[in-house]
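Student: I'd like to ask you about the structure that follows.
The values are calculated or read from the model by the stated rules, or taken from the named source; none is laboratory data. Just so it is clear, the model here is predicted, and its values are computed rather than measured. With ideal geometry, Cβ positions are generated from the backbone for all residues, glycine too; neighbour counts draw on all protein chains shown.
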Amino acid sequence: MLTDAPYLIKKAQKEGYALGAFNIYNLETALGVARAAVALGSPIVMQVSESTIDYAGLKPITHIVSTIAKNEAVSVPVALHLDHGKSFKSVAECIAAGFSSVHIDASLLPFDENVSLTREVVEYAHSKSIWVQGELGAIPGGHGDIGAKSEELPLVDPDQVEQFVKKTNVDSLAVAIGTAHGIFKNERIHFDLLAEVRKKTDIPLVLHGASGVPDNQIKKAIKMGINKINIGTAIKVAFSNAIKEAAKKNPNITDVRELLTPGIEAVQKVVERKLKLFGSVGKK
Ligand code: 13P
């Protein structure tokens with residue numbers, strides 16, 4: 001069922017697990033994510049980025065998620081979230097389309113400009129009862145890179161956290177603590193930094209770029225107060241590898257359903273693994 005994000009993330013924060021937030025790109029990846037959540041009785045966030053909206057169209061992708069949430073996934077709570085909204089316009093369009101929460105990512109702007117755009121979005125979103133995630137310390141990547149090595153992963157300045165939350169009134173916060181979008185060789189959560197940030201605010205904290213982070217670090221991060229974890233690249237990799245394999249096995253394949261079904265199954269499998277890791281099984 002389609003649910004408000006605040007309820008889900010507050011429950012995760014109270015009960016000490018992380019809400020899994022999975023990027024979906026099309027019908028098939030959405031089905032894989034939904035089936036995993038249903039199989040394990042887990043609440044989930046299905047999130048879409050602006051590039052997915054450009055690819056699929058805002059209305060089609062909104063309807064795919066909300067229809068799946070109301071039917072196939074009616075037994076579990078599903079929130080629909082905008083991932084890395086870059087402008088007020090983009091956020092406003094997603095809210096109008098029926099998203100349950102939004103992320104305004106102005107983290108590449110100077111601090112004061114980040115504050116002012118985030119505050120503008122928060123004021124508007126709160127007037128429509130929509131939750132907002134802000135971002136501090138720009139988390140790099142975004143194209144599902146694997147195996148690459150980003151020389152210097154940016155980190156949040158913990159001294160900015162308290163002021164940012166106070167000035168923007170944001171509901172949750174993504175912080176750069178050593179991860180990148182994609183699967184990079186040098187990803188490592190800076191736990192000292194996470195501890196410092198956690199002390200500065202009690203709003204839910206979000207970990208981006210989690211596909212490349214080892215399981216033991218994810219578990220520790222949850223214990224230290226990460227409440228929502230974003231997974232994108234692991235879904236892209238599982239889906240594309242499975243359909244490449246299907247095409248290799250049968251190069252004459254023409255039935256697109258036959259070609260794409262292994263992709264749905266592979267996504268379900270990877271998402272089930274993550275939900276178990278995040279501790280959200282049975283928390284519906
Ligand atoms: P990964 O691609 O590393 O899983 O990160 C996804 C993400 O953080 C989306 O915002």
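Student: Looking at G279, G232, G263, can you tell me which residue is within 17 Å of the chain's Cα centre (by Cα), away from the ligand (no atom under 16 Å from the Cβ) and of a type in the set (G, A, S)?
Tutor: Working: G232 fails: away from the ligand (no atom under 16 Å from the Cβ); G263 fails: within 17 Å of the chain's Cα centre (by Cα).
When all the criteria are applied, what remains is G279.
Student: Right, next: Identify the residue in segment 95-106 that is assigned to a loop (DSSP other than H, G, I, E, B) and at pLDDT 95 or above and, among all such residues, is nearest to V78 (Cα to Cα). Write out each step before concluding.
Tutor: Just the residues of segment 95-106 that are assigned to a loop (DSSP other than H, G, I, E, B), to begin with: 98-100, 105-106.
Still in the list and also at pLDDT 95 or above: 98-99, 105-106.
On the way: G98: 13, F99: 11, D105: 22, A106: 26 Å.
Step by step, filter segment 95-106, then rank; the result is F99.
Student: Pairs, please: C-beta under 8 Å, at least 6 apart or cross-chain, first residue at positive phi and in segment 90-112, second outside any strand (DSSP E or B)?
Tutor: The qualifying pairs are G98/T62; G98/S66.
Student: Here's another thing I want to ask about it. Can you tell which of A79, A106 is crowded, with 19+ Cβ neighbours inside 10 Å, within 16 Å of the ligand (Cβ to nearest atom) and either more than 30 Å from K283 (Cβ to Cβ) or charged (D, E, K, R) (or both)? Steps first, answer last, please.
Tutor: Numbers: A79 fails: either more than 30 Å from K283 (Cβ to Cβ) or charged (D, E, K, R) (or both).
Residue meeting the stated conditions: A106.
Student: Between a residue in segment 47-69 that is over 14 Å from M1 (Cα atoms) and any residue that is within 16 Å of the ligand (Cβ to nearest atom) and among the acidic types (D, E), which pairs come within a Cβ distance under 9 Å, given they are 6 or more apart or on different chains?
Tutor: Q47/D83; V48/D83; S49/D83; E50/D83; T52/D83
Student: Over 23 Å from D112 (Cα atoms) and modelled with pLDDT under 95 - does that describe any residue in segment 151-168?
Tutor: Restricting attention to segment 151-168, the residues satisfying the condition of being over 23 Å from D112 (Cα atoms) are 151-152.
Checking the rest, the ones that are also modelled with pLDDT under 95 come to 151-152.
Yes, some residue in segment 151-168 is over 23 Å from D112 (Cα atoms) and modelled with pLDDT under 95.
Student: What is the residue count in segment 171-223 for residues that are within 13 Å of the ligand (Cβ to nearest atom), under 28 Å from A125 (Cα atoms), touching a helix residue (DSSP H, G or I) at 6+ places or on another chain (Cβ under 6 Å) and in a loop (DSSP other than H, G, I, E, B)?
Tutor: 0
Student: Still on this structure, please answer the following. Being small (G, A, S) and not in a helix (DSSP H, G or I) is the filter; apply it to segment 244-284 and report the residue that is surrounded by the most Cβ atoms within 10 Å (Cβ to Cβ).
Tutor: Keep residues of segment 244-284 that are small (G, A, S), which gives 246-247, 263, 266, 279-280, 282.
Restricting the remaining residues to those that are not in a helix (DSSP H, G or I) gives 279-280, 282.
Numbers: G279: 20, S280: 26, G282: 10.
Looking at the filtered set, the residue picked out is S280.
Student: Something else now. If you check every pair at least six apart or on different chains, which have Cβ atoms under 7 Å apart with a residue in segment 230-243 that is in a helix (DSSP H, G or I) first and a residue that is within 9 Å of the ligand (Cβ to nearest atom) and polar (S, T, N, Q) second?
Tutor: T233/S211; A234/S211; I235/N23
Student: From K128, K166, which residue is farther than 21 Å from L205 by Cα and over 20 Å from the mean Cα position of the chain (by Cα)?
Tutor: Working: K166 fails: farther than 21 Å from L205 by Cα.
Exactly one of K128, K166 is farther than 21 Å from L205 by Cα and over 20 Å from the mean Cα position of the chain (by Cα), namely K128.
Student: Go through segment 215-246 and report how many residues are under 30 Å from D192 (Cα atoms) and either at pLDDT below 95 or not β-branched (V, I, T) (or both).
Tutor: From segment 215-246, those under 30 Å from D192 (Cα atoms) are 215-235; that's our starting set.
Now restrict to residues that are either at pLDDT below 95 or not β-branched (V, I, T) (or both): 215-217, 219-221, 223-225, 227-228, 230, 232, 234.
Final tally of qualifying residues: 14.
Student: Okay, next question. Give the number of residues within segment 70-89 that are within 17 Å of the chain's Cα centre (by Cα) and in contact (Cβ under 8 Å) with a residue 40 or more places away in the chain.
Tutor: 7
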